[in-house]
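Step one of this worksheet: look at the structure below.
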Amino acid sequence: MVQTIDPWTFIPKEEFVTRQNNLRKAAQAAGLDGVVVYSRGGAPIDMCADVLYLTSHYPQQPYVAEHTGVGSARSHGVVILPVEGETILIVDIPYWRRDVVVADDVRASIWVTQRVGEALKDAGLYGKRIGLCGTSYMTASAFLGFQSVIGDTEVVIVDEMVEKLRMIKSPREQDLIRIVADIGNRSIEAMLDAAVVGATEADCVTAALNVLVPEGATLYDAACASGEHADGYTWARVPSHDANRPMEKGDIFHVDCYGAFGGYLWDFGRLRFVGDEPTDLQRILQETTIEYIEYVCGAIKPGMTGDDVIKIGQAWLAESPVVQAIPKEKAETEGFPAVGHGVGMSWEAPWLMVGEQTVIEPGMYLAVETMLGSSQTGLTFFEHNGLMHEDGLEILTTCRKRWW
């Protein structure tokens, strides 16, 4: 089944204009005269979200270091949005998508930093009070360059301003996210179906690619581990998967598979016991992992905070005899502190962790995940994605849970 829609035209242009106007309102409410939004592309799809959300522009130019003299702030896209005035988009190559980009004024130049300074003056923002959104995604040289072209303009860091708008998905976004999830479901099922005796992790990833590439989707990563490495989340390298070692009967193969279609992510986690004959301990541990995540998903309701959710989860874990029997080990570093997070064009709030006070609302797109185990048992893994509604979470990960 190949999708027949073009994800880049699925969201109507009018919705992008509404997003820009919503950002204007947020800026005005914060006492700002305008906002400058930086995002990065060039391959990493988790740093492009804010500019992509506002204008449907993805800066595809690979990053080029500024000391080379081949332009400035390459692979960055920049939106200059005054509270009153036109939306200006700075792109770093002339090959931007004129058929999908939504902005009043698009300026293409390899000298992004210099064009930002000029655009601030043209927008009447020079010397005013502006917000800067995207410092988490800017290179240090891009940030220093920005400071060099703003003169006496007052700058307030507002990195969460666009993300807060992105958290609540419109009805059209939700429709697209369901299509994204369908691709993710079929991709990860193909990946796990390929996890058989004698296959490599690369064979499994190839099976997923054979599903998602014809759809026009992109794989961000299949963070996987198997065999002797199954006691870790993944084996840190590029790519994450191993192309050499054939998997053996009894191996754990777990994967956190994430990719994107039209800029929107799926983020699914599944596990297969190679040979489909798990030991009693392996089976009980994975069943507990599944039960835990499905319990948390069922407990999430609008009005809760991320802090509420993880405390519900912690209470469940504390009462589980299976979890309490897992050997306690001293970790080399801190582990992932959340039982999940928001998702959309990036990993985003609300983070389902201690101290997170973002209120969960209908329209949010959530990923709920965990790994359980130890170096003695190997790690089991499970993750659901879902859309939040008034009556609870609509689970989008309808792919198989068990292969045994």
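Taken over the range 266-279, the criterion of being in a loop (DSSP other than H, G, I, E, B) and either at pLDDT below 95 or surrounded by 14 or more Cβ atoms within 10 Å (Cβ to Cβ) (or both) is satisfied by Val274, Gly275, Pro278, Thr279.
To keep it simple, each residue is scored yes or no on (1) surrounded by fewer than 18 Cβ atoms within 10 Å (Cβ to Cβ); (2) farther than 30 Å from Pro362 by Cβ; (3) of a type outside the set (Asp, Glu).
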position	(1), (2), (3)
Asp182	no, no, no
Val197	yes, yes, yes
Asp203	yes, yes, no
Asn210	yes, yes, yes
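When the range 358-401 is filtered for residues that are free of Cβ contacts under 8 Å to residues at least 12 places away in the same chain and either surrounded by 19 or more Cβ atoms within 10 Å (Cβ to Cβ) or more than 30 Å from Ser136 (Cβ to Cβ) (or both), only Asp391 remains. If you check Glu348, Glu319, Glu287 for being within 19 Å of Ile395 (Cα to Cα), over 20 Å from the mean Cα position of the chain (by Cα) and not basic (Lys, Arg), only one passes: Glu287. Within the bounds of the range 280-297, is there any residue that is at pLDDT 95 or above, closer than 30 Å to Tyr58 by Cβ and not assigned by TED's automatic domain parsing to the domain that holds Gly41? Looking for residues that are at pLDDT 95 or above, closer than 30 Å to Tyr58 by Cβ and not assigned by TED's automatic domain parsing to the domain that holds Gly41, one finds none in the range 280-297, hence no. Just for the range 240-265: of the residues that are within 23 Å of Gly335 (Cβ to Cβ), under 19 Å from the mean Cα position of the chain (by Cα) and not hydroxyl-bearing (Ser, Thr, Tyr), which one is surrounded by the most Cβ atoms within 10 Å (Cβ to Cβ)? Of everything passing the filter in the range 240-265, Val255 is surrounded by the most Cβ atoms within 10 Å (Cβ to Cβ).
Looking across the range 83-113, the residues that are in a loop (DSSP other than H, G, I, E, B) and within 15 Å of Ala27 (Cβ to Cβ) come down to Val83, Glu84, Gly85, Glu86, Thr87.
Here Arg237 passes the criteria (1) more than 17 Å from Ala199 (Cα to Cα); (2) basic (Lys, Arg); (3) modelled with pLDDT of 95 or more except the one numbered (3).
Are there any pairs with C-beta distances below 8 angstrom linking a residue in the range 339-357 that is not assigned by TED's automatic domain parsing to the domain that holds Val180 to a residue that is surrounded by 22 or more Cβ atoms within 10 Å (Cβ to Cβ), with the two at least 6 apart or on different chains, and if so which? Taking only residues 6 or more apart or on different chains, not a single pair turns up.
Just one of the listed residues (Tyr53, Tyr63) is modelled with pLDDT under 95, out of contact with any Phe, Trp or Tyr (no Cβ under 7 Å at 6 or more places or on another chain), more than 23 Å from Gly124 (Cα to Cα) and not polar (S, T, N, Q), and it is Tyr63.
Residues of the range 69-86 that are over 26 Å from the mean Cα position of the chain (by Cα) and polar (S, T, N, Q): Ser72 alone.
Search the range 51-73 for residues being within 25 Å of Met161 (Cβ to Cβ) and of a type in the set (Val, Ile, Thr), and hand back the single one that is surrounded by the most Cβ atoms within 10 Å (Cβ to Cβ). Within the range 51-73, the match that is surrounded by the most Cβ atoms within 10 Å (Cβ to Cβ) is Val51.
In the condition set (1) in contact with a strand residue (DSSP E or B) (Cβ under 6 Å, 6 or more places away or on another chain); (2) surrounded by fewer than 17 Cβ atoms within 10 Å (Cβ to Cβ), Val91 is compliant with all but (2). Taking the numbered list (1) closer than 19 Å to Thr288 by Cβ; (2) modelled with pLDDT of 95 or more in turn, Gly342 passes all entries but (1). Given the criterion in contact with an Asp or Glu (Cβ under 7 Å, 6 or more places away or on another chain), under 25 Å from Ala29 (Cα atoms) and buried (at least 22 other Cβ atoms within 10 Å of the Cβ), identify the matching residue among Ile80, Ile130. Only one candidate passes the filter, namely Ile130. Anything in the range 64-103 that is touching a residue at least 12 places away in the same chain (Cβ under 8 Å) and touching a Lys or Arg at 6+ places or on another chain (Cβ under 6 Å)? List them, or say none. Answer for the range 64-103, where residues must be touching a residue at least 12 places away in the same chain (Cβ under 8 Å) and touching a Lys or Arg at 6+ places or on another chain (Cβ under 6 Å): Ser75, His76, Val83, Ile90, Asp92, Val102.
Taking helices (runs of 4 or more DSSP H) that do not extend beyond the range 139-250, which have at least 2 residues that are of a type in the set (Gly, Ala, Ser)? Those helices (runs of 4 or more DSSP H) span 140-148, 171-193, 201-212.
Among residues of the range 1-14 that are at pLDDT below 95, those with a Cβ under 8 angstrom from a residue that is in a helix (DSSP H, G or I), sequence gap 6+ or separate chain, pair up as Met1/Arg186; Val2/Pro214; Val2/Glu215; Gln3/Ile179; Gln3/Ile183; Gln3/Glu215; Ile5/Ile179.
Each residue in the range 193-229 was checked for being over 27 Å from Ile45 (Cβ atoms) and either in contact (Cβ under 8 Å) with a residue 40 or more places away in the chain or among the acidic types (Asp, Glu) (or both), and 5 pass. Scanning the range 1-49 for residues that are of a type in the set (Lys, Arg) and in a helix (DSSP H, G or I), we see that the one that is nearest to Gln60 (Cα to Cα) is Lys13.
Name, by its number, the condition in (1) buried (at least 17 other Cβ atoms within 10 Å of the Cβ); (2) assigned to a loop (DSSP other than H, G, I, E, B); (3) more than 27 Å from the chain's Cα centre (by Cα) that does not hold for Gly124. Gly124 satisfies every listed condition except (1).
The values are calculated or read from the model by the stated rules, or taken from the named source; none is laboratory data. Values in this document were obtained by computation on a predicted structure and should not be read as measured data. Neighbour counts are summed over all protein chains in view; Cβ atoms, including those assigned to glycine, are modelled from backbone coordinates with ideal geometry.
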